[in-house]
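Encoded as structure tokens, the structure appears first; notes follow it.
The values are calculated or read from the model by the stated rules, or taken from the named source; none is laboratory data. Bear in mind that the values here come from a model prediction, so they are computed numbers and not experimental data. When we count neighbours, we look across all protein chains shown, and the Cβ atoms used for this are built from the backbone with ideal geometry, even at glycine.
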Amino acid sequence: MSIPVSCERCFQSFRVKDDFAGRTIRCKECGAAMAVPWDGEQRSDGFVPSRPRTRKRKKRASAGPKIAAIVVGSLFGVTVLGMGIWFAAMWISKSGKSDRETKRIATDHRFGQISFECPKNFVVNNWIKGQYNVEDKEKVIAVSCQEHPVPAGVAKVPKQLLGHFQDWVRDRRRKILASRVAKHRHGFEYVFVEYESGSGQDLLKGWHLLIPTPDGKVILFDAVTYPPLTPWEQSQPIIRRIVDSIRILD
């Protein structure tokens, strides 16, 4: 006695012995699994087929919660990243601001008809009457202003003023390293002398400027440093910024 079976994949029909009732066999054509029908009667060999197992389909988790989690996570990540960028920008800004404030020039120095700017660490120190003196807190660089007497008519002739001033510097036993009539970036002419004085631990180096003002006076602007404490290469840029900031007031 045989049992008819049909493959659900390739639709081929076969007949198998009743010994295979209730069992799973392979299709001869495509190899797909086929369940051989069984009427429930006890077979002669005493075999009682078990019911084919049916696989329970796992319920797919809803995509909604996952999408929501991704969105929330993305928003959180963007927020954290934004805060990180903001804090970094604030730190850089604060650092840059601090650095700029160190180098920034404060417009709070004036003598007669000129004004000039010094870094924040400079303080006023009027230790000589008739002069306006400013020093940095480390006392490495000093700036002073005072009226400079000149012969009548000399102030209006730059070359004569230069010759007069060169003699004045030499009379004070200062070595002239450079001298010229120069034009300031703010438009006025002045006499410039770079000098040094002393030697060893007493060495001084600086710039003298003679600045004629509209009221007919001449202001001696002196910026000096102490190379034994700070190399000239470090002091010179600071002195240059101070000199570049000089303005003649109306």
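Quick grid of which residues meet (1) among the basic types (Lys, Arg); (2) on the phi > 0 side of the Ramachandran plot; (3) not in a helix (DSSP H, G or I):
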residue: Phe116; (1), (2), (3): no, no, yes
residue: Lys139; (1), (2), (3): yes, yes, yes
residue: Val143; (1), (2), (3): no, no, yes
residue: Pro151; (1), (2), (3): no, no, yes
residue: Gly163; (1), (2), (3): no, no, no
Exercise. Do we find that Val181 is among the hydrophobic types (A, V, I, L, M, F, W, C) and either closer than 21 Å to His109 by Cα or crowded, with 19+ Cβ neighbours inside 10 Å (or both) in this structure?
Worked result: no
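Condition check ((1) of a type in the set (Phe, Trp, Tyr); (2) under 14 Å from Arg247 (Cα atoms)) across all residues:
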site: Tyr195; (1), (2): yes, no
site: Ser199; (1), (2): no, no
site: Gly206; (1), (2): no, no
site: Pro212; (1), (2): no, yes
site: Phe221; (1), (2): yes, yes
site: Thr225; (1), (2): no, no
Exercise. With respect to Trp207, is the statement that it is within 23 Å of Ile128 (Cα to Cα) and assigned to a helix (DSSP H, G or I) true?
Worked result: no
Problem set entry | Of all residues in region 1-46 being of a type outside the set (Val, Ile, Thr) and in contact with a helix residue (DSSP H, G or I) (Cβ under 8 Å, 6 or more places away or on another chain), the one that is modelled with the highest pLDDT | Ser2
Seminar exercise, completed: Counting only residues that are of a type in the set (Val, Ile, Thr), part of a strand (DSSP E or B) and within 24 Å of Ser199 (Cβ to Cβ), region 221-250 contains a total of 2
Problem set entry | Single match in Arg185, Arg240, Arg170 (criterion: in the same structural domain as Asn126 (by TED's automatic domain parsing) and farther than 23 Å from Gly112 by Cα) | Arg170
For this session: For Ala142, indicate whether it is surrounded by fewer than 18 Cβ atoms within 10 Å (Cβ to Cβ) and hydrophobic (A, V, I, L, M, F, W, C).
Result: no
Exercise. In this structure, is Lys58 out of contact with any Lys or Arg (no Cβ under 6 Å at 6 or more places or on another chain) and either surrounded by 10 or more Cβ atoms within 10 Å (Cβ to Cβ) or modelled with pLDDT of 65 or more (or both)?
Worked result: no
Exercise. Looking at Asp215, is it modelled with pLDDT of 90 or more and assigned by TED's automatic domain parsing to the domain that holds Ala182?
Worked result: no
